[in-house]
1. Any idea how far apart residue 195 and residue 146 come out in nm if each label point goes 7 Å out from Cα toward Cβ?
2. Can you figure out the FRET efficiency of residue 102 with residue 66, using R₀ = 35 Å and their beta-carbon distance, to the nearest 0.05?
3. Please give the FRET efficiency for residue 184 paired with residue 127, using the beta carbon to beta carbon distance and R0 = 22 Å, rounded to the nearest 0.05.
4. Note the full-extension length gain between residue 33 and residue 80 as 0.36 nm times their separation in residues minus their Cα-Cα distance, in nm to one decimal.
5. List the residues of the range 1-25 whose backbone N lies under 20 Å from a point placed 7 Å from the Cα of residue 164 along the Cα-to-Cβ direction.
6. In degrees from 0 to 90, rounded to the nearest 10, what is the angle of the helix 77-98 Cα long axis to the longest principal axis of the chain?
7. What is the magnitude of the charge dipole of the chain about its Cα centre, with +1 placed on the Cβ of each Lys and Arg, -1 on the Cβ of each Asp and Glu, and no other charges, expressed in debye to the nearest 20?
8. Using modelled backbone amide H atoms (1.01 Å from N, in-plane), which distant-in-sequence or interchain residues come within less than 5 Å of residue 28's amide H?
Amino acid sequence: MAIVGLTGGIGSGKSTVVRMFGDLGIHWVDADDVARDVVEPGTPALKAIAEHFGAEILTGDGALDRARLRTIVFDAPEERAWLEALLHPIIREELIRQLKPDNDTQAYVLLVSPLLFETDQHQLVDRAVVVDVPVDVQIERTMARDTNSREQVERIIAAQMPREQRLAKADAIIDNNRPIDDVERQVRDLHKRILVDLV
């Protein structure tokens, strides 16, 4: 079964687009969901994070304090590198497991990942689709969704691959700065194209 990567910067609307593929019967695995699952209370990864950063990285109920961790790693590149070295192999292993669904008859599955090109996850996919919007739209959508400050959103965008570079690596692009029915049309057309290519 072919694996198609779906990526895009923060606030580009990957979740909206992947649900459209889901409506066409396509199974997907979201790397963000897997990244959350591997640091649930009781996991070896969370234990290692707490040992490294201290118990204050945990909430009162023993879960990972994501906001606190995000602040630490964005301010300290060496801490970010340590965290990525711990988590990326664990996430990759779980992604590979979930990308082989039982009894799935579709020609392809989707790997949804904001860091598809920044990590080695791009090695798992046969082609890459980029969901794209202008940077100012990314900022506005993310501020509205996450109630983050503009400065915080701009720092997150700066830590991701530049838009032009991401687009240059794409095998296909979904323009998500269009009316929703046009985005749905783009998804349907791309789905048909992928099926033809895989035959």
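1. 3.5
2. Values: r = 31 Å, r/R0 = 0.88.
Given R0 = 35 Å and the Cβ-Cβ separation, E is 0.70.
3. It comes out at approximately 0.60.
4. Numbers: separation 47, 0.36 × 47 = 16.92 nm, distance 1.91 nm.
Gain on stretching residue 33 to residue 80: 15.0 nm.
5. 8-10
6. Approximately 50 degrees, to the nearest 10.
7. The dipole of the chain has a size of about 340 debye.
8. Sorted by chain and number, the residues that satisfy this are 110.
The values are calculated or read from the model by the stated rules, or taken from the named source; none is laboratory data. For clarity, every value in this text was computed on a predicted model and none was experimentally measured. Glycine gets a Cβ as well: all are built from the backbone with ideal geometry, and neighbour counts include every protein chain shown. Calculation scope for accessible area: heavy atoms of the full protein, side chains included, ligands and nucleic acids excluded. Shrake-Rupley method; radii C 1.70, N 1.55, O 1.52, S 1.80 Å.
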